[in-house]
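What follows is a single structure, written as structure tokens, with notes after it.
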Amino acid sequence: MSPFPCTEAYAAAKDGLIGFTRVLRTDYRGRGANASVVVLGAIRDAGQGQRTAEELGLKLPPMSTSPACTVARAVLAAIRRDRAEIVVMPGPGRLIKALMDLFLGLGPAMSQAVGANATMQAVIKLRKQPAKIA
């Protein structure tokens, strides 16, 4: 996973689950059990990213996000084809992920350049506001 600002717990959980799944697959494959990991980029129309974008009044761009149905297809492909790992990211996202995995210093620079730091600060500010009672 590439570093995204202010997401320490999320990053630890995601990377931990990816590693855990890889070990499960290796250790239990000979016993007839399988494990697959579906690594997600930004997903639109569902999930945490979509909810956060709506709260901030942002529109997730189709070019850099995947629709929720793509995730469903990836899960089915992982099961049917016994795939160890599937990455769900559109076009340039895969290349950017690969580059950031190879060059760890690139992630923070990319986050700054695309405005991720400012966006995450807005999310933090939003989350610190008292809950509205309907």
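The values are calculated or read from the model by the stated rules, or taken from the named source; none is laboratory data. These numbers come from a predicted model, not from an experiment. Every residue, glycine among them, receives a Cβ derived from its backbone with ideal geometry; neighbour counts consider all protein chains shown.
Within the group Leu126, Leu104, Leu95, which residue is part of a helix (DSSP H, G or I) and either of a type in the set (Val, Ile, Thr) or under 27 Å from Gly19 (Cα atoms) (or both)? First the steps, then the outcome.
Numbers: Leu126 fails: either of a type in the set (Val, Ile, Thr) or under 27 Å from Gly19 (Cα atoms) (or both); Leu104 fails: part of a helix (DSSP H, G or I).
It is Leu95.
Do you know which of the residues in the range 27-58 that are loosely packed, with under 12 Cβ neighbours inside 10 Å and modelled with pLDDT of 85 or more is nearest to Asp15 (Cα to Cα)?
First pass over the range 27-58, keeping only residues loosely packed, with under 12 Cβ neighbours inside 10 Å: 27, 30-33, 48, 51, 54, 57.
Going one step further and asking which of them are modelled with pLDDT of 85 or more, we end up with 27, 30-33, 51, 54, 57.
On the way: Asp27: 18, Gly30: 24, Arg31: 25, Gly32: 25, Ala33: 21, Arg51: 22, Glu54: 26, Gly57: 29 Å.
Once the filter is applied, the top-ranked residue is Asp27.
Could you list, in sequence order, all residues of the range 54-68 that are assigned to a helix (DSSP H, G or I) and under 15 Å from the mean Cα position of the chain (by Cα)?
First pass over the range 54-68, keeping only residues assigned to a helix (DSSP H, G or I): 54-56, 62-64, 68.
Matches in the range 54-68: Ser64, Ala68.
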In the range 7-21, anything surrounded by 15 or more Cβ atoms within 10 Å (Cβ to Cβ) and either more than 12 Å from the chain's Cα centre (by Cα) or in a loop (DSSP other than H, G, I, E, B) (or both) is listed as Thr7, Thr21
For the range 22-44, give me each residue that is in contact with a helix residue (DSSP H, G or I) (Cβ under 8 Å, 6 or more places away or on another chain) and part of a loop (DSSP other than H, G, I, E, B).
Ala33, Asn34, Ala35, Ser36, Gly41, Ala42
Those residues of the range 80-92 which are touching a strand residue (DSSP E or B) at 6+ places or on another chain (Cβ under 8 Å) and closer than 18 Å to Ala42 by Cα amount to Glu85, Ile86, Val87, Val88, Met89, Pro90
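One line per residue, one yes/no per condition, for (1) touching a strand residue (DSSP E or B) at 6+ places or on another chain (Cβ under 9 Å); (2) farther than 17 Å from Thr7 by Cα; (3) exposed (fewer than 13 other Cβ atoms within 10 Å of the Cβ):
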| position | (1), (2), (3) |
| --- | --- |
| Arg94 | yes, yes, no |
| Leu104 | no, no, yes |
| Met110 | no, no, no |
| Val114 | no, no, yes |
| Thr119 | no, no, no |
| Ala122 | no, no, no |
| Lys125 | no, no, yes |
| Lys128 | no, no, yes |
| Ile133 | no, yes, yes |
